Amino acid sequence: MTEATYPAELIRSAPKAELHVHLEGSVGAETLLALAEDHGVQPPARDVEGIRDWYSFRDFPDFLERYFFVCRLLKRREDFQRVAYDYLLTAHHQGAVHVEFHISSSYHTQEVGLDWSVVLEGAVAGCEQAEQACGISSLLIPDLSPHLGAASAQATMDAVLAQLHPRVVALGMGGPSDRWWDEDFESAFDRARAAGLRTVCHAGEHGPAKEIRHAIENFGAERIQHGIAAIDAPDVLGLLLAKKIPCDVCPASNFALKAVDDLASHPLPRMVEAGLTITLGSDDPPLFHTDLLNEYRIAWEYGQLREAALFDFAKNSITESFATPEAKERWLTS
Ligand SMILES: [Zn+2]
């Protein structure tokens with residue numbers, strides 16, 4: 001049997017959206033160096049190659065240290081504009097027609113004390129600039145940080161809800177912490193829905209499948225970021241299927257952060273087999289030495305998924321996005 005060739009150009013040109021990428025985690029080496037210089041901060045390495053090496057880590061704490069180093073370089077409106085614009089142009093060249101950025105709103109407003117308007121106006125300006133440059137569509141998903149606790153989540157919501165913008169489409173939440181189980185995060189999601197926002201949540205990445213159930217039943221999550229633990233829990237799998245809730249899966253991230261032992265054993269093919277609706281995302285692409293197209297290639301190469309499955313991922317990413325029905329229809333028929 002002849003080994004099929006990866007249909008790189010077909011996948012690149014297929015209209016697709018990216019629903020799981022973090023604005024702060026999208027900062028490439030060149031931009032990191034430029035931001036460090038702007039802010040008079042000693043960069044962790046002197047050149048692009050050095051930064052790329054530094055974007056490697058042993059474990060999750062090591063990853064967070066790098067992630068938050070980048071976060072600390074985002075201080076001004078123009079910083080947020082720059083990183084949003086840079087990433088959207090990169091995504092456009094990979095065939096993305098639409099991106100939904102997760103933004104660590106709790107970190108910026110509660111840990112650093114930035115005014116949310118700085119973050120919001122900067123990100124929106126970057127989205128608008130990119131839309132004018134290449135037509136790419138984009139929306140924003142402020143993420144809560146559960147490890148800061150429920151009171152912090154409420155304070156973040158005060159800031160986010162005080163300045164809603166049409167590009168802010170949903171509320172999200174980062175990876176679970178122990179505080180999920182005995183503090184009230186539900187009311188933050190209730191407030192979001194009351195203000196007309198959609199809701200999504202990270203769950204079932206490193207942790208057990210019960211996180212996914214909690215995110216759906218307690219937070220009303222309409223999409224799950226990662227959700228890979230569902231494959232070992234028939235009841236949670238059944239819940240995702242019954243409610244037609246998609247999982248925004250990021251194989252390179254799961255491998256880099258050791259949520260899976262290796263790419264070949266990633267549950268993605270089994271999730272597809274089980275009938276789950278899957279979209280692919282790059283999560284924090286430079287940190288995981290990946291990009292959106294590489295996630296499709298991984299699905300092909302390691303997951304042994306064929307062309308039809310990859311096109312399904314692309315189509316799902318559009319249909320499951322929070323873009324308008326008119327925009328979805330336009331992309332699907334383009
Ligand atoms: Zn994520």
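To the nearest 20 debye, what charge dipole does the chain have about its Cα centre, counting +1 at the Cβ of each Lys and Arg and -1 at the Cβ of each Asp and Glu? Spell out each step's value before the answer.
On the way: 28 positive and 50 negative charges, 120 e Å.
Computed about the Cα centre, the dipole is about 580 debye.
Karplus-derived 3J(HN,Hα) values for region 136-147, using 6.51 cos²θ - 1.76 cosθ + 1.60 with θ = phi - 60°, are 5, 8, 7, 9, 10, 10, x, 9, 8, 10, x, 5 Hz; glycine and proline are entered as x. Around the amide H of Leu305, modelled in the peptide plane, lie the amide H atoms of Trp300, all under 5 Å away and 5 or more residues distant in sequence or on another chain.
Reported to the nearest whole Å, the Cα centre-to-centre distance from region 110-137 to region 85-108 is 10. Sorting the segments 187-199, 311-323, 266-278, 214-226 by their mean number of nearby beta carbons within 10 angstrom, highest to lowest, gives 214-226, 311-323, 266-278, 187-199.
Do you know the Lys pair count in the chain for C-alpha distances under 29 Å, with sequence separation 8 or more or different chains? Total qualifying Lys-Lys pairs in the chain comes to 17. Taking amide H as placed 1.01 Å from N in the peptide plane, the amide H of Ala203 sits under 5 Å from that of Gln225, Gly227, each at least 5 places away or on another chain.
Along the axis of the charge dipole computed for the chain (Cβ charges of +1 for Lys and Arg, -1 for Asp and Glu, origin at the Cα centre), the listed residues Thr109, Ala45, Asn316 are led at the positive end by Asn316. Each of Leu10, Leu148 has some number of other Cβ atoms within 10 Å of its Cβ, and from fewest to most they run Leu10, Leu148.
Each Cα pair under 8 Å and six or more residues apart adds its sequence gap; the mean of these over the residue count of region 8-322 is a relative contact order of 20 percent.
Only helical DSSP H runs with n ≥ 4 go in: add -39500 (n - 2.57) per run for the chain, normalise by residue count and round the 222 nm mean residue ellipticity to 500 deg cm²/dmol.
Details: 15 runs with 154 residues, N = 334.
After summing the helix terms and dividing by the residues of the chain, the value is -13500 deg cm²/dmol.
Helix screen, the chain: no DSSP H segment has Cα axial length of 30 Å or more and mean Kyte-Doolittle hydropathy at least 0.5.
Computed from the coordinates by the stated procedures, all read-outs in this text should not be read as laboratory data. This one's a predicted model, so the numbers in the text were calculated from it and none came from an experiment. Cβ: placed from backbone, ideal geometry, glycine included. Neighbour counts: every protein chain shown.
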